[in-house]
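Notes to accompany the following structure.
The values are calculated or read from the model by the stated rules, or taken from the named source; none is laboratory data. This is a predicted model, so every value here is computed, not measured. Cβ coordinates were reconstructed from backbone atoms using ideal geometry, including for glycine residues, and neighbour counts include every protein chain displayed.
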Amino acid sequence: MSYHTEQMHYELLEIPIDASPFEIRKAYEELFELYRDDSIAAYSFFSTAERMEIISALERAYLTLIDAAARRNYDAQLIERGLMEEGKGYQDKSREPVPMYNIRRSPFIDTTGPAIPPAAKKADPGDSPAAMIFKKDILAGEDLRKIRILSDVSLEQISLQSKFKIGLLQALEEDRFELLPPLAYLKGILKSYAKCIGIEADHVVQSYLRHMESSKGT
Amino acid sequence: MWPIGGGKGGSGKSLLTGSLGILLARDGYRTLLVDIDFGAANLHTIIGLPHPEKSLSDFINKKVPTLEETVVETPFPGLFLISGAMNNLDIANLAHEQKMKILRSISRLSYDFILLDLGAGTSFNTIDFFMISDTGVFVTTPEPTAIENIYRLIRSVYFRKIRQVLHTHNFRALSLEAEERNPRATVTNPDLLLHIIKELDPEKGDILDRELRAFEFRLVVNQCHRQDNPNIGPLICRIIQRHLTLKMQFLGNIAFDDRVHNAVCKKMPFLDLYPYTQTALDLRACGNRVAETKSRMQESLAPARP
């Protein structure tokens, strides 16, 4: 059966010249099913030697074609021998999947600060600028923002971690009280905010609320 | 004309032949069944005609002048039978001339479908009847023994065709030359023989090629149990196509059913006794595919509409 194994790889695998890797693999699997050791369909048709010859020819064909570089090489040889036209080979038209969800949909974008997870921060020494602000009795949104920036945390990080919208967190920092939810939810937001930055939550909550109280008065 | 053969005895040729005959007749085609399983004729029992009055031997012994006169009617309208019921006991050893006479007469009959129930094995009697037309149905079971016999049969047909075509063109000399060139070009590897013949004598190789390509074979896998791989048939067809370049179409799997035994014992057709079994469904599917080829042929031969 040696003449059978002299065929072009593509003929042997019964695939077109521009077959995709998926088709190549499928063709090889189907043919392997045909010629393997215990294939009942091939029983008595070949001697063992013939069958092994065919299997190794199939393997060679598969390994050549499934590797992009080896395939290019092989195609070039075919073109040289006049067995194949140039440009008719496989063109890889696969693309990256289109991102479906963009968390940057919100118009309020704050891109200050690198993406360091808050847990990686070292413990804050008592006299850093952030700590100084933190000690205040009343924390305005602006204060929270300063602490956040000094702690190298971005709004996106907080949004991702706490699952609150960036717009909401931005409203918090800009003292846009009318955009904030009722008290019970607001406490939760402040707690998450504080946790993400790595500062004590209770103090943040109380101070901000005091700030809100005093602002309402004006 | 549809010879139906299979390498192994008991693979179900007679059941398939009889059932196909019944199905085609019911579809409205004038169908003739011919039992040429010399020495082991069973078709009449399978289709439910246990005691036919006439048989093929009557023609061979010249009791009747033409083959048409051995045709009997069956309980199925549109289905006719030339049985082997009362054949001579030595009919399996026909002289060559008698065989040719039968071959010629059969090919002169005119029906919509002629189904020939051939015997098992690969004797010349079987093979020559198989080559009476370009179509042919091979019946196998999913066992390696049956498959081995089927391959043997197909190769014998292939080899016989080569012999036939080269008969007047010095076949012996060519095959000896081929043997010398490559010791593996023996009967067990007729495809290699073809390749070598093409090299040595491209003209005859071409003729041979054309003759072999004219074959339109079909494969039926009978007696499929639940645990058998249903893909065996298509795989066999693929191997035949890849290595012998013969057209082998897969006609279908037919499920094994213990109740076939009952039907045969009752000497009644299985299709009528158990019409709603998987086996009956499979047989009907095969029948439809066979009928399709006829309707396709009729379409291609039909005159163009004005």
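Residue under question is B:K294, and the condition is that it be of a type in the set (K, R), modelled with pLDDT under 95, assigned to a helix (DSSP H, G or I) and surrounded by 17 or more Cβ atoms within 10 Å (Cβ to Cβ); does it hold? No, not satisfied.
Counting only residues that are part of a helix (DSSP H, G or I) and away from every other protein chain (no Cβ under 12 Å), which one in segment B:240-267 is farthest from B:N149 (Cα to Cα)? Walk me through it before giving the result.
In the first step, residues of segment B:240-267 are kept if they are part of a helix (DSSP H, G or I); the result is B:240-244, B:259-266.
Okay, now just the ones that are also away from every other protein chain (no Cβ under 12 Å), so B:259-266.
Details: B:R259: 26, B:V260: 23, B:H261: 23, B:N262: 27, B:A263: 27, B:V264: 25, B:C265: 27, B:K266: 30 Å.
Within segment B:240-267, the match that is farthest from B:N149 (Cα to Cα) is B:K266.
Only one of (1) more than 12 Å from every other protein chain (Cβ to nearest Cβ); (2) farther than 22 Å from A:K88 by Cβ; (3) surrounded by 13 or more Cβ atoms within 10 Å (Cβ to Cβ) fails for A:Y62. Which number is that? Of everything listed in (1) more than 12 Å from every other protein chain (Cβ to nearest Cβ); (2) farther than 22 Å from A:K88 by Cβ; (3) surrounded by 13 or more Cβ atoms within 10 Å (Cβ to Cβ), A:Y62 misses just condition (2). Within segment A:73-107, being modelled with pLDDT of 80 or more and among the β-branched types (V, I, T) holds for one residue alone: A:I79.
Conditions (1) in contact with a Leu (Cβ under 7 Å, 6 or more places away or on another chain); (2) at pLDDT 90 or above; (3) buried (at least 16 other Cβ atoms within 10 Å of the Cβ), marked per residue:
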residue	(1), (2), (3)
A:R176	no, no, no
A:G198	no, no, yes
A:V204	yes, no, yes
A:G217	no, no, no
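Going residue by residue through segment B:16-26, is there one that turns out to be part of a loop (DSSP other than H, G, I, E, B) and closer than 25 Å to B:K294 by Cβ? Spell out how you get there, then give the answer.
Here is the first cut: in segment B:16-26, the ones part of a loop (DSSP other than H, G, I, E, B) are none.
Looking for residues that are part of a loop (DSSP other than H, G, I, E, B) and closer than 25 Å to B:K294 by Cβ, one finds none in segment B:16-26, hence no.
Applying a threshold of 9 Å to beta carbon distances and a minimum spacing of six or more residues, or different chains, the list of pairs starting in segment B:159-186 at a residue that is under 16 Å from B:P202 (Cβ atoms) and surrounded by 15 or more Cβ atoms within 10 Å (Cβ to Cβ) and ending at one that is of a type in the set (S, T, N, Q) and modelled with pLDDT under 75 reads B:I162/B:S175; B:L166/B:S175.
Yes or no: segment A:186-194 includes at least one residue that is charged (D, E, K, R), closer than 24 Å to A:S215 by Cα and surrounded by fewer than 19 Cβ atoms within 10 Å (Cβ to Cβ). Looking for residues that are charged (D, E, K, R), closer than 24 Å to A:S215 by Cα and surrounded by fewer than 19 Cβ atoms within 10 Å (Cβ to Cβ), one finds at least one in segment A:186-194, hence yes.
Does A:A49 satisfy the criteria of being within 14 Å of chain B (Cβ to nearest Cβ) and either out of contact with any helix residue (DSSP H, G or I) (no Cβ under 7 Å at 6 or more places or on another chain) or under 29 Å from B:L192 (Cα atoms) (or both)? The answer is yes for A:A49.
Is one or more of the residues making up segment A:128-136 of a type in the set (A, V, I, L, M), at pLDDT 85 or above and surrounded by 11 or more Cβ atoms within 10 Å (Cβ to Cβ)? Walk me through how you get there before you give the answer.
At the first step, the residues of segment A:128-136 found to be of a type in the set (A, V, I, L, M) are A:130-133.
If we keep only those that are at pLDDT 85 or above as well, we get none.
Taking every residue of segment A:128-136 in turn, none turns out to be of a type in the set (A, V, I, L, M), at pLDDT 85 or above and surrounded by 11 or more Cβ atoms within 10 Å (Cβ to Cβ).
For (1) surrounded by fewer than 21 Cβ atoms within 10 Å (Cβ to Cβ); (2) under 22 Å from B:L15 (Cα atoms), each residue gets a yes or a no:
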residue	(1), (2)
B:E203	yes, no
B:D206	yes, no
B:N222	no, yes
B:H225	yes, yes
B:I232	no, yes
B:Q249	yes, yes
B:N253	no, yes
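Selection of segment A:44-71 for residues being farther than 25 Å from B:E143 by Cβ and outside any helix (DSSP H, G or I) yields only A:D67.
Annotation: A:G82 fulfils all but one of (1) surrounded by fewer than 17 Cβ atoms within 10 Å (Cβ to Cβ); (2) within 14 Å of chain B (Cβ to nearest Cβ); the unmet one is (2).
Inside segment B:95-205, counting only helices (runs of 4 or more DSSP H) that do not spill past its ends, which hold 2 or more residues that are out of contact with any Cys (no Cβ under 6 Å at 6 or more places or on another chain) and at pLDDT 80 or above? Break it down into steps so the answer makes sense when it comes.
Working: elements: B:96-108, B:124-130, B:144-166, B:171-181, B:190-200.
The qualifying helices (runs of 4 or more DSSP H) are B:96-108, B:124-130, B:144-166.
Applying the set (1) within 14 Å of chain A (Cβ to nearest Cβ); (2) outside any helix (DSSP H, G or I) to B:C237 leaves exactly one unmet item: (2).
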